[in-house]
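Q: Encoded as structure tokens, here's the structure I'll be asking about.
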Amino acid sequence: MQEVSLKKVYDDTARLFIQIYRSGFIPNVIAPVYRGGCSIIGPTIIELFEATGNNNFYHAPFKASSYQRPGERKGVKFEGLGVLKERLNLEDKVLIVEDIIDEGKTFEKIMQELKLVTPNVRFAVLYWRKDKHDGNLIPDYYVEEVSEWINFPHEVSDLARENIESIRNRGGPWIEIADILKK
């Protein structure tokens, strides 16, 4: 498992925005996927579009999950996707924002669901596990191909189960958090 710093996530989010913006794709709907896409990634992408004067869009996060913990897959479940789909129409340009695509099962299911409503859906992700992807879908925008499980700064529950010392090593208030979680 590889841990990435908050600064790396933030800088890679800026790189991701540059790719999207330079492509000429200006969405009118931005939908960060909870939890990863809603961390710093989705809000930063939204803020950057607003800073460039592109602020006439709807944004709504939704939850998509297919993992219990690293390596343990379950079926893809959605919360809030129906609300987003009800709001969409054929002309909408939708940008899905996520932190990582691992095997691609959730990615494929999201794209299947949204393309039932509008054909213009693009997927932006920081990291892509291309080596594990067994489908035909490729994210429209990504910053880096990775080859191992990534643990993001906002992911504490995975570390609490697997590597509590990693939380403690963050220092400061995280030492006390590690002590609380160890109980």
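The values are calculated or read from the model by the stated rules, or taken from the named source; none is laboratory data. Quick caveat: nothing in here was measured; it's all calculated off a predicted structure. Cβ: placed from backbone, ideal geometry, glycine included. Neighbour counts: every protein chain shown.
Q: Could you check how many residues of region 53-67 are part of a loop (DSSP other than H, G, I, E, B) and either surrounded by fewer than 17 Cβ atoms within 10 Å (Cβ to Cβ) or polar (S, T, N, Q) (or both)?
A: Residues of region 53-67 that are part of a loop (DSSP other than H, G, I, E, B), as a first pass: 53-57, 60-61.
Okay, now just the ones that are also either surrounded by fewer than 17 Cβ atoms within 10 Å (Cβ to Cβ) or polar (S, T, N, Q) (or both), so 53-56, 60.
Number satisfying all stated conditions: 5.
Q: Could I ask something else about it? Please go through region 14-52 and pick out each residue that is under 27 Å from Glu162 (Cα atoms), in a helix (DSSP H, G or I) and among the hydroxyl-bearing types (Ser, Thr, Tyr).
A: Ser39, the sole residue that qualifies.
Q: Looking at region 2-16, can you tell me whether even one residue there is buried (at least 21 other Cβ atoms within 10 Å of the Cβ), of a type in the set (Val, Ile, Thr) and modelled with pLDDT of 90 or more?
A: The answer is yes; a qualifying residue exists.
Q: Moving on. Evaluate the following for Glu145: is it not β-branched (Val, Ile, Thr) and not assigned by TED's automatic domain parsing to the domain that holds Arg15?
A: On the way: not β-branched (Val, Ile, Thr): yes; not assigned by TED's automatic domain parsing to the domain that holds Arg15: no.
No, not satisfied.
Q: List pairs: first in region 1-12 and farther than 15 Å from Glu144 by Cα, second part of a helix (DSSP H, G or I) and among the hydrophobic types (A, V, I, L, M, F, W, C), Cβ under 8 Å, 6+ apart or cross-chain?
A: Leu6/Ile40
Q: Hey, can you tell me all the residues within region 114-155 that are in contact with a helix residue (DSSP H, G or I) (Cβ under 6 Å, 6 or more places away or on another chain), at pLDDT 85 or above and either part of a helix (DSSP H, G or I) or crowded, with 16+ Cβ neighbours inside 10 Å (or both)?
A: Val117, Val121, Ala124, Leu126, Tyr141, Val143
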